[in-house]
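Following: one structure in structure tokens, then a few remarks.
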Amino acid sequence: MSAYLRPSFFIIGERKCGTSSLYRYLLEHPSVLPGRRKEMQFFTKGSAHVKAHWGEYLGQFPALQGDGKVVLDWPELDEKGVLYEERIDFTRDPNLHYATGEASADTYCDVDPALLKSCLPELHLVLLFRDPSLRAFSHHRMLGRFQEEGRDLGFAVGDFAEDMRLEMRRVAVGEKTPCITPGLYAQNLERWRNVWGQRLLVLFTSELDDAEIFPKTMARVLEHLTLSAHPYELEQRYNQAPSLAMPTQIQEELREFFAPHDDSLAQLLGRELPWRQA
């Protein structure tokens, strides 16, 4: 039976917060190799599936030893926002020691942190937060693209403002929704911290977007993941849809809706949120 590198890092989310970009930045490090796919979504399938398919999951990562090419099937957006898949080859040096990991952005919201801990207790986790109003807008646009591609989402994606007002009403009565719920960051943070403690690093998306602080941000990430120092400069973001402005009225409504949740998050983190400082 083949032996595989066990993942030592995991970017657990949140969706539309820059997980794709951070994963690609990590793959620029000379000691990091990818799994076969960035977004495996393995643990979202539940404990029974994880137990039944554990060997298959580990088989998605590079062999423990070897040389030659390691292949990553990378989902990317073109200039029109259409999703396509790009195959990227990484050349492996048999004389180097490598680390590997993955990034499944829905993990933070949809996975029991204890399940992940029971399977891979040695992991170091990274979590990204973004202005939840902008995150919801980006998420809704993504779902709209999926709908246009003919995917069965189980619900209809319509006008953004109408959909968000409906979601806000549903969340207010305790329901889980596609775009609003993932932006309620504070409600999941304590359960992840209680299980993972200092192995969980929380970043803001803006810390990856700002070219001036980007090198320091990546240095923090590498230190957290116990990887050696590596020089970084901000060159591009990945899996990013074409720019589109959110309608002002619904943006104000969303920011008002998220305000108490943002206050709770700021208190838990012990720091101001960049999207609340303007």
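Every number here is computed from the coordinates shown, using simple stated rules; none is lab data. Values in this document were obtained by computation on a predicted structure and should not be read as measured data. Please note: Cβ atoms are built from the backbone with ideal geometry, for glycine as well, and neighbour counts cover all protein chains shown.
Here are the numbers for the structure shown:
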read-out	value
Kyte-Doolittle mean at least -1.0 and Cα axial length at least 20 Å: DSSP H helices in the chain	132-148, 248-269
The chain: most fluctuating residue of 166, 227, 200 per GNM, C-alpha cutoff 10 Å	166
Sparse-neighbourhood loop sites, GluC sites (Glu not before Pro) in the range 96-165 - DSSP loop, at most 14 other Cβ within 10 angstrom	122, 149
The range 39-183 - Rg and Dmax from Cα coordinates, angstrom	18.5, 57
Candidate lysines - alpha carbon under 16 Å from residue 51, same-chain residues fewer than 8 apart omitted	117
Residue order, fewest to most surrounding Cβ atoms within 10 angstrom, among 246, 218	246, 218
Gaussian network model of the chain, springs between alpha carbon atoms under 10 Å - residue of 104, 206, 118 with greatest fluctuation	118
Computed label-point distance, nm, for sites residue 82 and residue 147 using a 7 Å Cα→Cβ extension	2.0
For the chain, the longest site-free run once trypsin sites (Lys or Arg not before Pro) in DSSP loop states with at most 14 other Cβ atoms within 10 Å are removed	177-270
Simple label model, 7 Å out from Cα along Cβ direction - residue 193 to residue 230, nm	3.0
Among 256-264, 153-161, 178-186, the order from most to least packed when residues are scored by Cβ within 10 Å on average	178-186, 256-264, 153-161
Set of aspartates and glutamates near residue 69 by C-alpha distance (under 19 Å), chain-local residues within fewer than 8 positions excluded	28, 85, 86, 89, 93, 102
Average projected area [Cα convex hull, the chain], square nanometres	15.4
Reachable lysines, given that their alpha-carbon falls under 20 Å from the alpha-carbon of residue 16 and they are not under 8 places away in the same chain	38, 80, 176
